[in-house]
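Working notes, structure below.
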Amino acid sequence: SYTTDTKSGEENKKTLENLYSLSVDITKIRRLKEWVLLQDVAYVKEIAGILQEMGADETTVANIIERCPEAILRTPAEINSQRALWQLVCQNEKQLIKLIEQFPESFFTTDYQQNQKANILFFQELGLKNNIITRFLTSAPNIFYNPVEKNKNVIETLQRNYLNLGGSEANMKIWILKLLSQNPFILLNTSTAIQENLEFLQKNNFTDQEVLQLLSKLKGFIFQLNSTTMQKSMLFSKNIFKCSDQELKQLVLKCPALLYYSVPVLEERLEGLLKEGISIAQIRETPMVLELTTQIVQYRIKKLSALGYDIKSGNLESLNGTKKDFEVTYGKIQSKKERPIFNPVAPLHIED
């Protein structure tokens, strides 16, 4: 939002002096965003003062400016407004300064303050906890740039569809809050796109109950897809697994990734599994293995092989799940291998 074309084309000496006095590494700024140093007006001391007022020490101030140099181009009034805004959801200034240090760009984007405020209040009314809203502010800031009416519209579309699909009024709020906290980017979609994707599933003979199940399993990612890519992915799976429409539906319910990933991604992952000697029949039995990248699959197979576990003859369940799930499975296989076989009737040899 700032022009990089300044009259002089030279670095602002006063800005440089003020940055030096704060022990800011100017070479970092030159490398990252030199245009900031060319601006005629900068508020180095004022912004540093506001951050120090909030409890930031010298190192923290320098770190914030090095990571987000355009912070010094914001007026003190803009920063104080942003501070008041974020305080609506932060427990205290200590937490706020920690967030600013971790996500300076989210904090110093001050162009949408009215929308940000309206959306924060809307999310609070909706029942989202403040810690979830702060997570949104830092990791999904662009959802706050939308006018609040757009976000309300998407939420209303979701609520209406949830009830139309047979969801209960009593569970609706919990469902919406869970969906949002898992994937706030749903709000970047249009209500039309959401409607079209749900209709696509219904046209493909998924019952209302199954559509609801898929929505929960996909954590809202289904709303970032379109009917063309979903159609292609389903057709690809149908041909690979040589299954009927009904069988395909069951596979998708078991592994929504078959709907979510594009054909090139599914092809690459399938190829990776086949190279490891895994059969199509095994993949069809445990399609969730396609949720893992080829590198993760190779790493896990290697670890299991080192324990003498042959994945080709076994079932693929042991490869599945999150990193934590896999470590639990691996630990069980390892301890099973290491545990000596105890024969209760064998004589005990006790040394004197």
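Here the 3J(HN,Hα) profile of the stretch 47-63, calculated from phi with Karplus coefficients 6.51, -1.76 and 1.60 at θ = phi - 60°, is 5, 4, x, 5, 5, 5, 4, 7, x, 7, 8, 4, 5, 5, 4, 4, 4 Hz, Gly and Pro shown as x. When only alpha carbons are used to place a centre, the stretch 266-291 and the stretch 48-86 end up 50 Å from one another.
So what is the relative contact order of the stretch 226-336, in percent, for Cα pairs below 8 Å that sit 6 or more residues apart? Intermediate results must be reported in sequence, preceding the final value.
Values: 88 pairs, mean separation 24.0, N = 111.
It comes to 22 percent, rounded to a whole number.
The angle between the Cα long axis of helix 208-217 and the main principal axis of the chain comes to about 60°, on a 0 to 90 degree scale.
Phe185 exposes around 80 Å² of accessible area when a 1.4 Å probe is run over every protein chain in place. Taking θ as phi - 60° and the Karplus parameters 6.51, -1.76 and 1.60, the scalar couplings of the stretch 104-121 work out to x, 5, 5, 6, 8, 8, 10, 6, 10, 4, 5, 5, 4, 4, 4, 6, 4, 5 Hz in sequence order, x denoting glycine and proline. Sequence-distant contacts, meaning Cα pairs under 8 Å at least 6 residues apart, place the relative contact order of the chain at 8 percent. Subtracting the Cα-Cα distance of Lys219 and Ser279 from their residue separation scaled by 0.36 nm leaves 18.7 nm. In degrees between 0 and 90, to the nearest 10, how far off the longest principal axis of the chain does helix 148-164 point, with axes built from Cα atoms? Around 20 degrees separate the two axes. Among Tyr261, Tyr20, the order of accessible area from largest down is Tyr20, Tyr261, computed with a 1.4 Å probe on protein heavy atoms.
A 1.4 Å probe run over the protein chains yields, for the stretch 234-310, 50 Å² of accessible area per residue, whole-number rounding. Can you flag which of Lys173/Lys324; Lys173/Lys217; Lys249/Lys302 are past 25 Å Cα-Cα? In this structure, Lys173/Lys324; Lys249/Lys302 lie more than 25 Å apart at Cα. Rolling a 1.4 angstrom probe over the protein heavy atoms with all chains in place gives the stretch 11-110 an accessible area of 47 Å² per residue. Each part reduced to its alpha carbon centroid, the stretch 175-244 and the stretch 89-139 end up 29 Å apart. Full extension of the segment from Ala77 to Arg30, taken as 0.36 nm per residue of separation minus the current Cα-Cα distance, would add 14.3 nm. Carbon and sulfur atoms: what percent of the 1.4 Å accessible area of the chain do they account for? Percent of accessible area from carbon and sulfur atoms in the chain: 51.
Each residue was assigned an accessible area with a 1.4 Å probe, and for Met172 the value is about 20 Å². Computed from Cα atoms, the angle from the helix 76-86 axis to the main principal axis of the chain rounds to 30 degrees.
Relative contact order for the stretch 11-110: 29 percent, from Cα pairs under 8 Å spaced at least 6 residues apart, divided by residue count.
Per residue, the stretch 146-225 exposes an accessible area of 48 Å² to a 1.4 Å probe, with every protein chain left in place. Hydrodynamic analysis of the chain uses the Kirkwood radius over alpha carbon pairs. Inserted into Stokes-Einstein at 20 °C and 1.002 mPa s, it gives a translational diffusion coefficient of 87 µm²/s. Rounded to the nearest whole Hz, the Karplus-based 3J(HN,Hα) values (6.51 cos²θ - 1.76 cosθ + 1.60, θ = phi - 60°) of the stretch 38-46 follow the sequence 8, 5, 5, 10, 9, 10, 4, 5, 5, with x at glycine and proline.
The values are calculated or read from the model by the stated rules, or taken from the named source; none is laboratory data. This is a predicted model, so every value here is computed, not measured. For the accessible areas, the whole protein counts, side chains as well, though only heavy atoms, and no ligand, DNA or RNA atoms are used. Shrake-Rupley method; radii C 1.70, N 1.55, O 1.52, S 1.80 Å.
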